[in-house]
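The values are calculated or read from the model by the stated rules, or taken from the named source; none is laboratory data. Here the structure is a predicted model, which is why all the values come from computation and not from measurement. Glycine also receives a Cβ, built like all others from the backbone with ideal geometry; neighbour counts cover every protein chain displayed. With ligands, DNA and RNA removed, areas are computed over all heavy atoms of the protein, side chains included. Shrake-Rupley method; radii C 1.70, N 1.55, O 1.52, S 1.80 Å.
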There are 4 protein chains.
Amino acid sequence: MIIQYYVGSAQEQREEVRAKIREWGLRVRSSTGEKEESSDTQIHVDNVFGNVKDAHRREVETFDCVKAVISIEGVPQNLSRVRRGGRHTVTLPNPHGGKPVTLGEGAPLAIIAGVCAVDRDHTLPSHQMAKRSGADLNRGGAFKPRTSPYDFQGLKEDGLKVLCEAREAVGLPVVSEVLDVRDVDLFMKYDVDMLQIGTRNAQNFELLIEVGRTGKPVLYKRGFSNSIDEFVRAANYIMEQDNDNLVLCLRGVKGIGSSFRNQGDMDEIVYLAQLTDRPIVYDLSHSSGKKSAVFRIGNMAAAGGADGLLLDVHVSPQHALVDGFQAVDSEEELTRMIAMWRQLHELTVGIP
Amino acid sequence: MIIQYYVGSAQEQREEVRAKIREWGLRVRSSTGEKEESSDTQIHVDNVFGNVKDAHRREVETFDCVKAVISIEGVPQNLSRVRRGGRHTVTLPNPHGGKPVTLGEGAPLAIIAGVCAVDRDHTLPSHQMAKRSGADLNRGGAFKPRTSPYDFQGLKEDGLKVLCEAREAVGLPVVSEVLDVRDVDLFMKYDVDMLQIGTRNAQNFELLIEVGRTGKPVLYKRGFSNSIDEFVRAANYIMEQDNDNLVLCLRGVKGIGSSFRNQGDMDEIVYLAQLTDRPIVYDLSHSSGKKSAVFRIGNMAAAGGADGLLLDVHVSPQHALVDGFQAVDSEEELTRMIAMWRQLHELTVGIP
Amino acid sequence: MIIQYYVGSAQEQREEVRAKIREWGLRVRSSTGEKEESSDTQIHVDNVFGNVKDAHRREVETFDCVKAVISIEGVPQNLSRVRRGGRHTVTLPNPHGGKPVTLGEGAPLAIIAGVCAVDRDHTLPSHQMAKRSGADLNRGGAFKPRTSPYDFQGLKEDGLKVLCEAREAVGLPVVSEVLDVRDVDLFMKYDVDMLQIGTRNAQNFELLIEVGRTGKPVLYKRGFSNSIDEFVRAANYIMEQDNDNLVLCLRGVKGIGSSFRNQGDMDEIVYLAQLTDRPIVYDLSHSSGKKSAVFRIGNMAAAGGADGLLLDVHVSPQHALVDGFQAVDSEEELTRMIAMWRQLHELTVGIP
Amino acid sequence: MIIQYYVGSAQEQREEVRAKIREWGLRVRSSTGEKEESSDTQIHVDNVFGNVKDAHRREVETFDCVKAVISIEGVPQNLSRVRRGGRHTVTLPNPHGGKPVTLGEGAPLAIIAGVCAVDRDHTLPSHQMAKRSGADLNRGGAFKPRTSPYDFQGLKEDGLKVLCEAREAVGLPVVSEVLDVRDVDLFMKYDVDMLQIGTRNAQNFELLIEVGRTGKPVLYKRGFSNSIDEFVRAANYIMEQDNDNLVLCLRGVKGIGSSFRNQGDMDEIVYLAQLTDRPIVYDLSHSSGKKSAVFRIGNMAAAGGADGLLLDVHVSPQHALVDGFQAVDSEEELTRMIAMWRQLHELTVGIP
């Protein structure tokens, strides 16, 4: 912890802070005695060493003479690209008849496409269309977190059944969102290949722990308004369960003045790829909320360094139970998009 | 649903939208034939009637000719001040030796004060200090949602025990945060008087449902970045469980450029009080994160129309397990604050 | 400047940064040799001394091994409460027949009320109503900054004439917004008592300088999305012109999910009052944009420590040229509000 | 204007609103008599026709029974892609020895590269490096808008001189930022090829008008926190001066939780390209503020549909007067970047 005092703060005030720090068993080293500190615009900075906790930092912040406190903790250990010696991949074994799928540096761009909400009639044809167009995984929501209780909440267990039956026919692994710690067993029973944690549950830490414990690949979405620091710290709840199969997913954030459903955060692809060792997926449909923007947004994410792209598709969007409006429904268009995204990904591989 | 088309959009484009709407079994009424619509800057607007769903609205938004879509649903039914004939109160019976406590219009300003995280040594004296200073309820966290898994996570069941033992001695009802649907029974076992849902779980709808089902008074905090509309809609998950004991709690939001831990949202007190029938509590400590701001922030919330104020207190902040820095620790100061807040509340009662 | 390196960064990388710093003629002191730094989770921090500039800080930030850079400059010198020995007041002499008006600590709450945009027929009666209700200053916009060129832009010089003629009759000093450096002379010609710089021009530094140079009292509004740090730094453009008559005005900011026209920033009253020596005004009408919220918002600002409140009034809002909807139009109501605000201000004077 | 009333609002309340509207000389058409409106959850919506103004809309919003008001104005006329029959280009004639440069649909990707702040020693070699690497225009700031008056403010007229002398040697047109209406003549005297309006002056409408009047190509940057609607409306201040040479520039916005200097807004490229006929430039350096992110961010903007990219370059960043840290300094790297960006642009031309 580094403490920066206000210019003009009194010596006694600063000493109070230091006394408190020593009380906690920590050591303080003050930047005094410097020539530039003897002037009228004297700068006072303390370095604090020892087992510094958030609580310490926060208490120090409350002293009137303190201008700022800076943490000197490292990047959360499990995710650091530097500590882990480069970036890593996550592989879905796919025991359901198809090929394993790998996400991450060195692997081809992974396309995750499927229905937003599983329905009985269109999940299979939609997922077949996705496969023919070049997708690697199918997504489909059986449990839907809806802002209002009066909205459709998903087919629940029936949805998992439909999703996994379609998987047998299609041959691609499936990813589906878990909302409740009590449902995790159900997802295991149906052997869902990858468990998704959605943006509304990004800080539902109990859920992160339970999902992490399964050892299954996890697609973890950034919270609506979480900073990357909050996102990465919380991701450790998953990895701390001895689960190395974590994939980070960006999906737009709350912003001021955005023209889209959410404000795109594709620039964070670059940041995450430099900071962590985790594969990164960008969600094209939920960030923009506009089908007409999906192609271009996908271009950006692919050329920006994403390891995977996620999008909603539906053969009959007008019958989609949720968010049909943003689903791509033309196989020809989808095929063209995926080909372009793969081309952009290959072209830009290796750019730092 | 009302559809506004772009000026200059083509007739055929608009007809496509209308065809789709009729396909869904809805009726469209177009604002055509008006004099001002025959000009070059013709305005086109459709009214859509029937069982309009979010999915419809969203799909309509994706048409290129559509400028905007506006929902014409009413305010969520359960919370509407107009529909419910004024504002309502929530009463905590307090079977533990003290008086019942009522929050809401007509009742005195309720003060909820206690430790942020329950600890073994300071919870009782802190809650006694709060009572002597004039508080009506004690708060104390046994389960703590922390951004990182490496931070202290609360004493858990032991914390509930400590909290409820202190209650016997103090005589005030207690409120404590539930993080996990599987813990709800435990809260019932200890007969916690009011269950809190925290900001990180504001859209953990499964938790809202389970907590709602208990019938217990609920203190429901706004999510970090939820709009009031999202907040109020989600609140219906609780009330839909036949639970009328819902209290809404504002606690600051994520903002750009705020000087405090969060950006204060006390202006929403005014909005919520005009819109809903629910009692409103403002969290002084977690919004500002600065002990030195608590007095003034409390003044604002009290004079602004809050029905209750929540704050952290601790007899020995340097030993607090979480957020000690923001806890008020002086009984004299706390007594003065509460007296002032009550005075401001009384003085401003009845202002619309 | 303090530099914090990533845990796990290489010694050579850090040395590159230090070499660059020395190249600039600055001195570095590294926190090496500490016991806790020899472990695997070694923390590296450098203190940099000398004439550190923004450009230095920014370049250092770009090194891959750098986690964070913290500035150790003091609070902008001109505004610091500590450096200036407490808080100060600003007095408008009011040579137009009335009493001088003082804003700031120790003075009564100042009420600035008037029409949003000056019009020919209602400015005088509106300002008379404001005076009868207890206002101390009249505001009125002659030059209006409008988002679109197709909106009404103000009566311009005619508006100043109308405003200042009304002043002769009413006897209160007037405040009006300047948009253009070329108009400053005009404001001097009409001897406008206080010049306002609006939110859209908060970082139009040329305008700040020109307005500052007049020596006139200045009402300087925070930019839509400026942090308090940006606000306070820019304020120095005014005070650097040997103008000590600066009053800071908060007026709501852009936020996510606000129910009002802007998100209220009244909590910053507390922050500014603790940080700077400047009088603080809160703009009730432009923050909320709702007449029905003005009373309660005013309560908050008054009880929160504002030195002045600003609001729109109009005797005939339906004829107001701009923002009539948010203007208070009832003298009885206004009188009651102002009395209440004054009472709240007096009651809470002296709270830190 | 469309008015949506609260469910449960009283007939008399709604009639008050309608009376006011008729008072203004507007016509109201209410959606009454519909079957679904006779139920308990009756929906009430009015369409208002005539010369509806912002002020009307705002006043209507203040009625208690009004839930929402929606504007039905068209997209600002001057910029609408639909009205103007597609997207347009802007050409800089370049009378200074080089080729004319065209920005916009159909033209190659334009690269604007140069020093952030003009300095005496490095502007020429930096701009020569930019040209050799493939840039089409040089940027250089002579007048710098700085958050604090104590920061370097630019070389001013000397800077223009240096910039334009370099132009003679380099042969590329130059773009430079104007801060003050009084400086416009100076920019004309030096025949600066393109005038930039910066983010801090995005709503300095007087400046927009004066710059628009020159007829010169204008690079107009989005304000820090302006919505696209505000951005596009204000752009009309420029085009209303009979100036068709307007280029829109995105440069990141203020956001919550961004890891970069600003939150990237490259997704708005897609929106603007679908909405308006204007060429769109993305500013790589000021959005991210990190040299290490420029390559990838450029990929995104190029593949996302930008017509031009702007970035800081400097042959000796440690001597740069402003923002040297974010300047690209390697000719080899810059050449590689520009080639890649052009390739991505060509590959994705024609994607909607």
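Sort out which residues of segment A:214-230 are assigned to a loop (DSSP other than H, G, I, E, B) and either open to solvent by 30 Å² or more (accessible area, probe 1.4 Å) or within 17 Å of A:Gln263 (Cα to Cα) (or both), and write them in order of number.
Residues satisfying the conditions are A:Thr214, A:Gly215, A:Lys216, A:Arg222, A:Gly223, A:Phe224, A:Ser225, A:Asn226, A:Ser227.
Of everything in segment C:4-62, what is modelled with pLDDT under 75, under 25 Å from A:Val28 (Cα atoms), open to solvent by less than 40 Å² (accessible area, probe 1.4 Å) and assigned to a helix (DSSP H, G or I)? Give them in sequence order.
Answer for segment C:4-62, where residues must be modelled with pLDDT under 75, under 25 Å from A:Val28 (Cα atoms), open to solvent by less than 40 Å² (accessible area, probe 1.4 Å) and assigned to a helix (DSSP H, G or I): just C:Glu37.
Consider C:Ile297 carefully, then state whether it is in a helix (DSSP H, G or I), among the hydrophobic types (A, V, I, L, M, F, W, C) and within 13 Å of chain B (Cβ to nearest Cβ).
For C:Ile297, the condition - in a helix (DSSP H, G or I), among the hydrophobic types (A, V, I, L, M, F, W, C) and within 13 Å of chain B (Cβ to nearest Cβ) - is met.
When the residues of segment D:314-333 are narrowed to those that are under 18 Å from C:Arg57 (Cα atoms) and not in a loop (DSSP other than H, G, I, E, B), which ends up most open to solvent (accessible area, probe 1.4 Å)?
D:His319
Kindly indicate whether D:Arg336 is within 29 Å of D:Asp119 (Cβ to Cβ), open to solvent by 30 Å² or more (accessible area, probe 1.4 Å), part of a helix (DSSP H, G or I) and out of contact with any Pro (no Cβ under 6 Å at 6 or more places or on another chain).
Yes: the conditions hold for D:Arg336.
How many residues are touching a residue at least 24 places away in the same chain (Cβ under 8 Å) and open to solvent by 10 Å² or more (accessible area, probe 1.4 Å) if we restrict to segment C:296-306?
1
Would you confirm whether or not segment B:256-266 contains a residue that is of a type in the set (D, E, K, R) and more than 24 Å from B:Pro352 (Cβ to Cβ)?
Yes, that holds for at least one residue.
Any chance segment A:159-171 includes a residue that's aliphatic (A, V, I, L, M) and more than 17 Å from A:Arg120 (Cα to Cα)?
No, segment A:159-171 contains no residue that is aliphatic (A, V, I, L, M) and more than 17 Å from A:Arg120 (Cα to Cα).
Which of the following residues is facing another protein chain (nearest Cβ under 7 Å) and under 20 Å from B:Ala303 (Cβ atoms): C:Glu206, C:Glu230, C:Glu268, C:Glu240?
C:Glu268
So, in segment A:339-351, of the ones that are more than 7 Å from every other protein chain (Cβ to nearest Cβ) and not in a helix (DSSP H, G or I), which residue ends up surrounded by the fewest Cβ atoms within 10 Å (Cβ to Cβ)?
Looking at residues that are more than 7 Å from every other protein chain (Cβ to nearest Cβ) and not in a helix (DSSP H, G or I), I get A:Gly350.
Whether any residue in segment D:232-239 is under 21 Å from B:Ser258 (Cβ atoms) and among the aromatic types (Phe, Trp, Tyr) is what I want to check.
There is no residue in segment D:232-239 that is under 21 Å from B:Ser258 (Cβ atoms) and among the aromatic types (Phe, Trp, Tyr).
Can you pull out every residue in segment D:325-352 that is among the polar types (S, T, N, Q) and touching a residue at least 12 places away in the same chain (Cβ under 8 Å)?
Those that are among the polar types (S, T, N, Q) and touching a residue at least 12 places away in the same chain (Cβ under 8 Å): D:Gln326, D:Thr335, D:Thr348.
Based on what the data block shows, is D:Arg233 touching a residue at least 40 places away in the same chain (Cβ under 8 Å), in a helix (DSSP H, G or I) and within 29 Å of A:Asp267 (Cβ to Cβ)?
Yes; evaluated as a whole, the condition is true for this residue.
Assuming B:Ala110 fulfils every condition listed in (1) aliphatic (A, V, I, L, M); (2) in contact with a strand residue (DSSP E or B) (Cβ under 8 Å, 6 or more places away or on another chain); (3) surrounded by fewer than 21 Cβ atoms within 10 Å (Cβ to Cβ) apart from one, which condition is it?
Going through (1) aliphatic (A, V, I, L, M); (2) in contact with a strand residue (DSSP E or B) (Cβ under 8 Å, 6 or more places away or on another chain); (3) surrounded by fewer than 21 Cβ atoms within 10 Å (Cβ to Cβ) one by one, B:Ala110 breaks only (3).
State yes or no: is B:Gly264 open to solvent by 10 Å² or more (accessible area, probe 1.4 Å), in contact with a strand residue (DSSP E or B) (Cβ under 9 Å, 6 or more places away or on another chain), of a type in the set (Gly, Ala, Ser) and without any contact (Cβ under 8 Å) to a residue 60 or more places away in the chain?
For B:Gly264, the condition - open to solvent by 10 Å² or more (accessible area, probe 1.4 Å), in contact with a strand residue (DSSP E or B) (Cβ under 9 Å, 6 or more places away or on another chain), of a type in the set (Gly, Ala, Ser) and without any contact (Cβ under 8 Å) to a residue 60 or more places away in the chain - is not met.
Can you confirm whether C:Leu272 is touching a residue at least 24 places away in the same chain (Cβ under 8 Å) and assigned to a helix (DSSP H, G or I)?
yes
Checking A:Ala169 against (1) surrounded by 21 or more Cβ atoms within 10 Å (Cβ to Cβ); (2) over 22 Å from the mean Cα position of the chain (by Cα); (3) of a type in the set (A, V, I, L, M): exactly one of these is not met. Which one?
Going through the list (1) surrounded by 21 or more Cβ atoms within 10 Å (Cβ to Cβ); (2) over 22 Å from the mean Cα position of the chain (by Cα); (3) of a type in the set (A, V, I, L, M), A:Ala169 breaks only (1).
Does segment C:315-324 contain any residue that is more than 10 Å from every other protein chain (Cβ to nearest Cβ) and either touching a residue at least 40 places away in the same chain (Cβ under 8 Å) or aromatic (Phe, Trp, Tyr) (or both)?
Looking for residues that are more than 10 Å from every other protein chain (Cβ to nearest Cβ) and either touching a residue at least 40 places away in the same chain (Cβ under 8 Å) or aromatic (Phe, Trp, Tyr) (or both), one finds at least one in segment C:315-324, hence yes.
Output the residue which, of all residues in segment B:276-293 that are part of a strand (DSSP E or B) and touching a strand residue (DSSP E or B) at 6+ places or on another chain (Cβ under 6 Å), is surrounded by the fewest Cβ atoms within 10 Å (Cβ to Cβ).
The residue in question is B:Ile280.
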